[in-house]
């Protein structure tokens, strides 16, 4: 009887270990991560600033992700999905976020005046949620590597899906960006064109020879 009971306990224990080994190692060490690139640009129709989200990706704990790519601004945005598996080079890079203190990230002072893409990383665990804005050129080495790897994944994802709403994410980035940059400089209106301002110079006519 004791022997049979021991066998049952060992069987349950091994089944539990096997189940844990099959599921947990494939999960990433965070709840979710959002990564995007954005910038402020001039709207030539309104002569005012407008917020432009160039691309975005959200990765879930199980490695599945959805995203949007609009890095070519004069073409329609594409929306995609994919999956990051255990053997992907991205997996350990993402897991490294679980042991890095994001509060100590170096944030470039040039963010207040820089006009190119700013990169945003939102990362959450069961204990805390982080937000970091950075420039790739002067970010810490491991953050540069992660950022370039995510850019590559966004550009090469091909499983297209229907568009999804990013307005809440964009509004959140706008508020945080304006907090960093302060008030955006006012744009000067284009000078009014007057026909009297235009002078036409004609080449001198040559007199015919006799």
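Look at (1) at pLDDT below 75; (2) exposed (fewer than 11 other Cβ atoms within 10 Å of the Cβ) and you find that residue 98 fails only one, number (2).
Could you list, in sequence order, the residues of the stretch 42-69 that are touching a residue at least 12 places away in the same chain (Cβ under 8 Å), part of a strand (DSSP E or B) and surrounded by fewer than 17 Cβ atoms within 10 Å (Cβ to Cβ)?
42, 48, 49, 51, 52, 60, 64 - these are the residues of the stretch 42-69 that are touching a residue at least 12 places away in the same chain (Cβ under 8 Å), part of a strand (DSSP E or B) and surrounded by fewer than 17 Cβ atoms within 10 Å (Cβ to Cβ).
The values are calculated or read from the model by the stated rules, or taken from the named source; none is laboratory data. These figures come from a predicted structure and were not determined experimentally. Cβ: placed from backbone, ideal geometry, glycine included. Neighbour counts: every protein chain shown.
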